[in-house]
Amino acid sequence: MKPSEVVRVEKALETGNKRELEWSLWYARMRQSVPSARPADVKYWGAVEAQVQGVLEPVEAPKVYPAKKKKKGVRGLGVGPLPGEASTPEQG
């Protein structure tokens with residue numbers, strides 16, 4: 001039979017209740033900090049803490065914006081004719 005705290009932590013992970021998840025995070029950290037904790041207990045509660053952190057703060061994927069396509073045609077300063085001039089090819 002599992003201890004009631006472990007059942008409570010598992011239920012919090014299943015339901016996603018924020019208040020219970022915060023308690024679970026506190027409990028996992030507390031169990032790791034106990035001086036008499038065995039290495040296996042520290043490892044177990046460390047993994048539980050990571051699980052709870054993952055549910056509380058999900059990793060957001062970085063936003064990907066579509067790249068702008070280059071506009072075709074002549075663009076830039078000094079390339080086109082001035083507003084008062086006719087667009088005739090230069091003879092040289």
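The values are calculated or read from the model by the stated rules, or taken from the named source; none is laboratory data. Predicted, not measured: the structure shown is a model, and the values here were computed from it. Glycine gets a Cβ as well: all are built from the backbone with ideal geometry, and neighbour counts include every protein chain shown. Each accessible area value is taken on the protein alone, full model and side chains, heavy atoms only, with ligands, DNA and RNA left out. Shrake-Rupley method; radii C 1.70, N 1.55, O 1.52, S 1.80 Å.
Just a few scattered comments:
- Per residue accessible area in Å² of the range 1-66, where ligands, DNA and RNA are left out and the probe is 1.4 Å: 79
- Count Lys and Arg as plus one, Asp and Glu as minus one, and take only other residues whose Cβ is under 12 Å from that of Q32; the net charge is then +2.
- Peptide packing for 23-29, 40-46 was compared via the average number of neighbouring C-beta atoms within 10 Å per residue; ordered from the highest value, the list is 23-29, 40-46.
- Measuring nothing but protein heavy atoms, the accessible surface of the range 6-76 at 1.4 Å probe radius is 56 percent carbon and sulfur.
- Neighbours of G16 by Cβ distance under 13 Å: Lys/Arg scored +1, Asp/Glu scored -1, total -2.
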